[in-house]
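The values are calculated or read from the model by the stated rules, or taken from the named source; none is laboratory data. Quick caveat, the model's predicted, so the values are computed rather than measured. Ideal geometry is used to build each Cβ from the backbone, glycine not excepted, and the neighbour counts take in all protein chains shown. For accessibility, only protein heavy atoms count, side chains too; no ligands or nucleic acids. Shrake-Rupley method; radii C 1.70, N 1.55, O 1.52, S 1.80 Å.
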Amino acid sequence: MLLKFWGTRGSIPAPLRPDQVEQKIIAALEAAGREQVNLSNPGAIREFVANLSFNGSTVGGNTACVTIELGDDLIIFDAGSGIRELGDYLMDESNKRAKEFGFARGKGHAYLFFTHTHWDHIQGLLYFKPIHVPGNVFDIHYVHEYVPDVLARQMAPEFFPLPLDQVSASLNFHRLEAGAWIELAGATITNMELKHPGKAYAYRVEADNAIVVVATDSEYKSLDYTNTKKYSNFYANADVLIFDAQFSVRESFVKEDWGHSSALIGADIAREAKVKRLLLFHHDPATTDAEIMRVLQETEEYLGHRKGITEVMVAQEGMEIYLSNPIPASDFYIKDHLEKDIIVISLSGKFGAYATEQFRNHLANSLQTHEANKVILMMGNIGELTIAGIRALVDARKSVTSLALVDVPQNIYLVFELSGTTDFFAIYKDVDAALSALNSNNSE
Ligand SMILES: [Zn+2]
Ligand SMILES: [Zn+2]
């Protein structure tokens, strides 16, 4: 699961002013001087620039747009002005990944989820190039029933030359029940109502053994446990929680019912929910990069030694976070090589429910890469086998012409016996025995 940020501002796009750019150049040159960067060495310059903090770089000025890439699938959250940048990326066929998505050729498909329809979450849609390419398909999900109507209204002739029903791509609208859960693109997605003028909805995405929660535009007016616990339950154990940190704590107390929250409130809720990374998001258009950086430092200071597992980060345009938790699967290893047109796969560790997906994916990949369809599984280093593992092996037989198991330890063989599946498999003493058996099948 790859999470990318295309716009992280709230309310209205906030591009850098010329004087702000100037300030950044000055700050960068001063830092380069202090660090004695060798300015005649392009490599040294690039390395220095890559490590610049927000004083040299920027959080960015585009409004809300976040994507999750899951294999070949693309899930977009909100269509703030950041979606224009996403569209430009998707249309760039010189980028290998973008080309695979196929949007420039009218072969693209994406899921688009709306949290709500405030300007900063819909205003970029008109300038999202892939919706103007015939053949592309967008499955649009939302909870507020008026979303299709609002999207159409922002494209009324008084506002935009092209009406929504005349855009070239196919737009399929799917209304979600509040609190419902759905499965798509190999992910489970649930939603929850957030306190915001007109309501907003948070989405919790679970895939690749990782969890991302998009919870922008939310006020936490009552901080009593009875109120916050429904949020911390929904955010529980997230690898990433994208959190509305538009206000300072002080502002959130003063601007009651404006519908936004602060980094420090996020820190408390994230800690309670055992969130791994709290991503400060929906930055106020008036805050500078330096101020946002200060909020980050204050939040870290606030958490201090109570931090627990929660790390705080600032959501920044262009930021990418790769998420995949091989947690228990890390105890399971697969390696393969080709021997006499037969794929020999060695398995080691715990072959249980956490490992089966890794096994299935690996097998499918090796069948494809090696263009072979006979497989020998070396079981000698399997320390533990569960019925889930047996099930995966039973299924594996269907995708290959021949499947042989070799070097099966005594305790593992017992599991085959107890599950009554010994006769499902051809079991040999070692690889050589299996190779000659499988190869003689070949000549038959
Ligand atoms: Zn907003
Ligand atoms: Zn809003």
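Here, the stretch 328-443 has an Rg and a Dmax of 13.0, 42 Å when only alpha carbons are counted.
Run the helix sum for the chain: -39,500 (n - 2.57) per DSSP H stretch of 4+ residues, divided by residue count, reported at 222 nm to the nearest 500 deg cm²/dmol.
On the way: 14 runs with 145 residues, N = 444.
After summing the helix terms and dividing by the residues of the chain, the value is -9500 deg cm²/dmol.
For each pair in 255/307; 96/195; 99/276; 229/255; 276/350, compute the distance between the two Cα atoms and list the pairs where it is over 29 Å. Correct reply: 96/195; 99/276. Over 27 Å apart at the Cα level, from the set 199/230; 107/335; 4/335; 335/374, are 107/335; 4/335. Relative contact order for the chain: 12 percent, from Cα pairs under 8 Å spaced at least 6 residues apart, divided by residue count.
Treating the angle as unsigned and between 0 and 90°, give the value, to the nearest 10°, between the Cα long axis of helix 387-396 and the longest Cα principal axis of the chain. Between the helix axis and the principal axis of the chain, the angle is about 80 degrees.
Accessible surface calculations at 1.4 Å, restricted to protein heavy atoms, place the stretch 147-259 at 48 Å² per residue.
Computed over the chain, the P(r) tail beyond 44 angstrom holds 27 percent of alpha carbon pairs. 3J(HN,Hα) along the stretch 375-384, derived from phi through the Karplus expression 6.51 cos²θ - 1.76 cosθ + 1.60 where θ = phi - 60°, amounts to 9, 10, 9, 8, 9, x, 9, 6, x, 8 Hz, with x in place of Gly and Pro.
Heavy atoms of the protein chains alone define the surface here; on that basis the stretch 328-443 has 52 Å² accessible area per residue at 1.4 Å probe size.
Ordering 6, 258 by how much accessible area each has at a 1.4 Å probe, largest first, what is the list?
On the way: 6 35, 258 145 Å².
Order by accessible area, largest first: 258, 6.
What the phi angles of the stretch 241-249 give under the Karplus curve with 6.51, -1.76 and 1.60, with θ = phi - 60°, is a coupling list of 10, 8, 10, 5, 10, 5, 9, 7, 4 Hz, glycine and proline written as x.
Projecting the Cα atoms of 144, 28, 202 onto the charge dipole of the chain (Cβ charges, centred on the Cα centre) puts 202 farthest toward the positive pole.
Rounded to the nearest whole Hz, the Karplus-based 3J(HN,Hα) values (6.51 cos²θ - 1.76 cosθ + 1.60, θ = phi - 60°) of the stretch 218-235 follow the sequence 8, 10, 10, 6, 8, 9, 5, 3, 4, 8, 6, 5, 5, 6, 5, 5, 5, 8, with x at glycine and proline. How large a share of the accessible area of the chain, in percent, is made up of carbon and sulfur atoms when the probe is 1.4 Å and the other protein chains stay in place? Reported share for carbon and sulfur atoms: 51 percent. The Stokes-Einstein estimate for the stretch 369-421, based on a Kirkwood radius over Cα pairs and taken at 25 °C with 0.890 mPa s viscosity, is a diffusion coefficient of 207 µm²/s.
Accessible surface calculations at 1.4 Å, restricted to protein heavy atoms, place the stretch 1-119 at 47 Å² per residue. Using a probe of 1.4 Å, the accessible surface attributed to residue 293 totals some 40 Å² when neighbouring protein chains are kept in position.
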